[in-house]
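Q: Pasting a structure here, questions to come.
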Number of protein chains: 2
Amino acid sequence: MTAYFIGIDGGGTSCRAALAAGDGTVLGRGKSGAANILTDPEGGLRHIIEAAEKACEEAGLETTVFGSCHVVLGLAGANVEKTVATVRKRLPFGNCAVESDALIAVHGALGTQDGAAAILGTGSVFGAKKGHRVRTIGGWGFLVGDQGSGAVLGRRLMQEALLAHDGVRAASPVTGKLLDAFDKDPRKLVAFAHDAAPGDFARYAPIVFEFAHKGDPVAEKLVCEAAAQVDEAISVVLAMSEPRLCLLGGLAAPFEPWLRPEHRACVTTAKGDALDGAVSLAIERFSLKDRAHA
Amino acid sequence: MTAYFIGIDGGGTSCRAALAAGDGTVLGRGKSGAANILTDPEGGLRHIIEAAEKACEEAGLETTVFGSCHVVLGLAGANVEKTVATVRKRLPFGNCAVESDALIAVHGALGTQDGAAAILGTGSVFGAKKGHRVRTIGGWGFLVGDQGSGAVLGRRLMQEALLAHDGVRAASPVTGKLLDAFDKDPRKLVAFAHDAAPGDFARYAPIVFEFAHKGDPVAEKLVCEAAAQVDEAISVVLAMSEPRLCLLGGLAAPFEPWLRPEHRACVTTAKGDALDGAVSLAIERFSLKDRAHA
């Protein structure tokens, strides 16, 4: 019986699947809704299966092959063990490994090469790839981690705007711009923050970069602070592997010019995306296993 | 008909009321459960009325006097206008002013004198009193404010412990102690933070002071960072009034030795507590009004 490999990239906005043959040729792809198993395990599970079914259909296969498929899932929220165990038990696939969305992104970006990656979006996470092994650091979330992420940067802007409003620190065009967005009423800002998800805070990160670029002192301070934290983590992952660095995520481009010159010198284009990473990881991991059993 | 004055101090753990005559003599006191109108408006309202009823009973009065009572309420969560309006409409009192818990605390601490106060507990807020006027700054909450509060300090410790776990920053006894509390498993720490209220983070603030006192480098850095933020805000409120400073709240004593010498030199003992402040404010405000109408 032919072995098929499925890669799944499940994130906060959508879930994608690709079904491939053992040589890596993708035979079908599918896409569905959000798959954050931490915030919505039921919906996540449904969308994972739906994306895989669509990929299967596009490949001209019956979903009965699922039972003999080798699958790697990269999922947002996969660092919470209990949730992963619950979801894994209900997956219809033969062999199955649940990894973090960061791990498959690092694999996809570096392909067969060794190096490091920084994923800078709403959250932040850093990875080093050396041979078959990927180690990630960071990604602990908005409250106690994710230094240098869009969510933390947006929240820092709100903090500085409130300090400026109170006369504790100097105001600047960017703190004024933020307060204007809340009708100059700090209570509206506080009420917003009270109900805001990380993505809501992250929406304010781009204006910090925009104003920093124009020389706004508060925006410059915040970007330098965030870039220094990103640099700290990049140093750690580069030290684990080769001097090759992929910058990924929506804030990769705005951050790049603020990073240390020695880190910028290592920057290289990503070989592929997270879904590519999940597929190649499925083949790599489960083909090796099959060979080990042969 | 005799005018009675009621002061109410409603906080996150309990609600206290005192009923006084026009000369300030307290005739009765009452206590009930939590009254944070932001997180639980219904429960808050119930506890406010319950505390006032008990004070009324102790004073040997019927609750029918409520309709002619002059009341000042100092409430946690009073900076959110919509919530205040909803609660105020349903209060059974004659004249009624809703203020922040910080404002009545500043009034109580300074009594008839002018000066400043720093309230350092789970949250942080700063006030200046000049004549009848009190202005507060800070107190914007755990997410976008409350610099130098116990909640923020506890969260900063968690951030440093995770950075140490990842090898991004140096570990120290205090980061080890914190990780031990989560069975050395950063995922348990992250899961805790995900569901934690500000008070849950603040429970870790005392160990930061304890280790800073023993020379732990990470704990020292965090306390110095927090103390610098407290000093920044203290400078602002001292500049608004006289060089007299009351340090209030559960972290007042641990913070004091870390503050700037010129701020420590202004420190004075509080004249009274927040409930005293609410009562005297009720008399001051509504007696003046009555005189104005006479």
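Q: Picking from B:Gly94, B:Gly24, B:Gly28, which residue would you name as being in contact with a Gly (Cβ under 8 Å, 6 or more places away or on another chain), surrounded by fewer than 18 Cβ atoms within 10 Å (Cβ to Cβ) and under 17 Å from B:Ala278 (Cα atoms)?
A: B:Gly94
Q: Kindly indicate the residue of the range A:130-141 that is assigned to a strand (DSSP E or B) and within 11 Å of another protein chain (Cβ to nearest Cβ) and also nearest to A:Arg169 (Cα to Cα) among those meeting that condition.
A: Step by step, filter the range A:130-141, then rank; the result is A:Gly138.
Q: Considering only residues that are within 8 Å of chain B (Cβ to nearest Cβ) and either aliphatic (A, V, I, L, M) or under 20 Å from A:Ala228 (Cβ atoms) (or both), which ones fall in the range A:142-187?
A: Hits for the range A:142-187 are A:Leu143, A:Val144, A:Gly145, A:Gln147, A:Arg155, A:Met158, A:Gln159, A:Leu162, A:Leu163, A:Val168, A:Arg169.
Q: On the basis of being crowded, with 19+ Cβ neighbours inside 10 Å, at the interface with another protein chain (Cβ under 9 Å from one of its Cβ atoms) and at negative phi, does A:Val190 make the cut?
A: Yes.
Q: Here is a follow-up. Which of (1) modelled with pLDDT of 95 or more; (2) within 14 Å of chain B (Cβ to nearest Cβ); (3) surrounded by fewer than 24 Cβ atoms within 10 Å (Cβ to Cβ) does A:Phe126 not meet, given it meets every other one?
A: The single condition A:Phe126 does not satisfy is (3).
Q: OK, next. Being closer than 24 Å to A:Ala117 by Cβ, more than 14 Å from chain B (Cβ to nearest Cβ) and modelled with pLDDT of 95 or more: is that true of A:Val208 here?
A: Details: closer than 24 Å to A:Ala117 by Cβ: yes; more than 14 Å from chain B (Cβ to nearest Cβ): yes; modelled with pLDDT of 95 or more: yes.
Yes, satisfied.
Conditions tested, residue by residue: (1) touching a residue at least 60 places away in the same chain (Cβ under 8 Å); (2) outside the structural domain of B:Val223 (by TED's automatic domain parsing).
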{"site": "B:Gly145", "(1), (2)": "no, yes"}
{"site": "B:Arg155", "(1), (2)": "no, no"}
{"site": "B:Val174", "(1), (2)": "no, no"}
{"site": "B:Arg187", "(1), (2)": "no, no"}
{"site": "B:Pro198", "(1), (2)": "yes, no"}
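Yes/no per residue for (1) within 24 Å of B:Pro186 (Cα to Cα); (2) within 14 Å of chain B (Cβ to nearest Cβ); (3) touching a Ser or Thr at 6+ places or on another chain (Cβ under 7 Å):
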position	(1), (2), (3)
A:Gly67	no, no, no
A:Gly94	no, no, yes
A:Ser100	yes, yes, yes
A:His107	yes, no, yes
A:Gly111	no, no, no
A:Ala117	yes, no, no
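Q: What are the residues in the range A:232-254 that are crowded, with 19+ Cβ neighbours inside 10 Å and closer than 24 Å to A:Ser172 by Cβ, if any?
A: Within the range A:232-254, A:Leu251, A:Pro254 meet the criteria.
Q: If you take the residues of the range A:173-209 that are charged (D, E, K, R) and within 28 Å of the chain's Cα centre (by Cα), which of them is farthest from A:Arg156 (Cα to Cα)? Even if it seems obvious, please write down each step before you answer.
A: Restricting attention to the range A:173-209, the residues satisfying the condition of being charged (D, E, K, R) are A:177, A:180, A:183-185, A:187-188, A:195, A:200, A:203.
Going one step further and asking which of them are within 28 Å of the chain's Cα centre (by Cα), we end up with A:195, A:200, A:203.
Details: A:Asp195: 16, A:Asp200: 13, A:Arg203: 12 Å.
Checking each candidate, the answer is A:Asp195.
Q: Condition (residue is under 30 Å from A:His132 (Cβ atoms), in contact with a helix residue (DSSP H, G or I) (Cβ under 6 Å, 6 or more places away or on another chain), at pLDDT 95 or above and of a type outside the set (Lys, Arg)) applied to the range A:232-245: is it met by at least one residue?
A: Within the range A:232-245, one or more residues are under 30 Å from A:His132 (Cβ atoms), in contact with a helix residue (DSSP H, G or I) (Cβ under 6 Å, 6 or more places away or on another chain), at pLDDT 95 or above and of a type outside the set (Lys, Arg).
Q: In the range B:76-92, how many residues are without any contact (Cβ under 8 Å) to a residue 12 or more places away in the chain and within 12 Å of chain A (Cβ to nearest Cβ)?
A: 2
Q: Looking at B:Thr112, B:Thr83, B:Thr64, B:Thr136, can you tell me which residue is under 21 Å from B:Ser14 (Cα atoms) and modelled with pLDDT under 95?
A: Of the residues listed, the single one that is under 21 Å from B:Ser14 (Cα atoms) and modelled with pLDDT under 95 is B:Thr83.
Q: If a residue counts only when it is of a type in the set (Lys, Arg) and touching a helix residue (DSSP H, G or I) at 6+ places or on another chain (Cβ under 7 Å), which helices (runs of 4 or more DSSP H) contained entirely in the range A:146-202 have at least 3 such residues?
A: No helices (runs of 4 or more DSSP H) qualify here.
Q: Which of the residues that make up the range B:203-245 are within 20 Å of A:Leu143 (Cα to Cα) and in a loop (DSSP other than H, G, I, E, B)?
A: Taking the range B:203-245 as the starting set, the residues that turn out to be within 20 Å of A:Leu143 (Cα to Cα) are B:203-208, B:218-219, B:221-223, B:225-226, B:229.
Within the range B:203-245, B:Arg203, B:Tyr204 qualify.
Q: Let me ask another. If only one of A:Gly12, A:Gly60 is surrounded by fewer than 18 Cβ atoms within 10 Å (Cβ to Cβ) and in the same structural domain as A:Leu281 (by TED's automatic domain parsing), which one is it?
A: Answer to the check: A:Gly60.
Q: Sticking with this one: Can you list residue pairs whose Cβ atoms sit under 7 Å apart, with the first residue in the range B:261-279 being in a helix (DSSP H, G or I) and the second being of a type in the set (Lys, Arg) and modelled with pLDDT of 95 or more? Count only pairs 6 or more apart in sequence or on different chains.
A: B:Leu275/B:Arg16
The values are calculated or read from the model by the stated rules, or taken from the named source; none is laboratory data. Computed from a prediction, not measured in an experiment: that's the story for all the values here. When we count neighbours, we look across all protein chains shown, and the Cβ atoms used for this are built from the backbone with ideal geometry, even at glycine.
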